[in-house]
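The values are calculated or read from the model by the stated rules, or taken from the named source; none is laboratory data. Quantities reported herein were computed from a predicted structural model and do not represent experimental measurements. Heads up, the Cβs are rebuilt from the backbone with ideal geometry, glycines too, and the neighbour counts pull from every protein chain shown.
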Amino acid sequence: MPHLTIEYTDNVQGIGTVSALRTLNEALMASGQFREADIKSRAVPIGTFAVGTQTAGRGFVHARLAILDGRAPEIKKALSEALLEALRCICRSDCPGIQLCAEVSDIDRASYSKTIHEPGTPST
């Protein structure tokens, strides 16, 4: 935990890179809420999209952070703002007219399962 998914329209340059994901992961680390090895991020390009009634000159980057439930609203807001600021740094002036947004959603702790697969460990 956490899981960070970045969806971005294909007219936005530089988002779907390891460097961009590292910048976003570093923003999450700086929050003090997560262990470094627990942060999982991915970037998903969107080739077919609409923003309003026209697509010319428009696009978006949407960051969705899924975390285990139980954190205060103030912490979730701070995480959202940190991601948005990191997106602003990644999408500088070469992305005019692009909408940037970030959200934090809760994952039900009772239903979340996780294991770490170690090579050579027999599966059950």
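Of the numbered conditions (1) on the phi > 0 side of the Ramachandran plot; (2) surrounded by 13 or more Cβ atoms within 10 Å (Cβ to Cβ), VAL61 fails exactly one; give the number of that condition.
Answer for VAL61: the failing condition is (1).
With the condition being farther than 22 Å from ILE15 by Cβ, within 17 Å of the chain's Cα centre (by Cα) and touching a residue at least 24 places away in the same chain (Cβ under 8 Å), I'd like the strands (runs of 3 or more DSSP E) fully within the stretch 37-124 carrying at least 1 qualifying residues.
59-68, 98-107
Any idea which of ALA27, ALA66 is touching a helix residue (DSSP H, G or I) at 6+ places or on another chain (Cβ under 7 Å) and surrounded by 13 or more Cβ atoms within 10 Å (Cβ to Cβ)?
ALA27
Here are ILE39, ILE67: which of them is at pLDDT 95 or above, among the β-branched types (Val, Ile, Thr) and touching a Lys or Arg at 6+ places or on another chain (Cβ under 9 Å)?
Being at pLDDT 95 or above, among the β-branched types (Val, Ile, Thr) and touching a Lys or Arg at 6+ places or on another chain (Cβ under 9 Å) holds for just one of ILE39, ILE67, which is ILE67.
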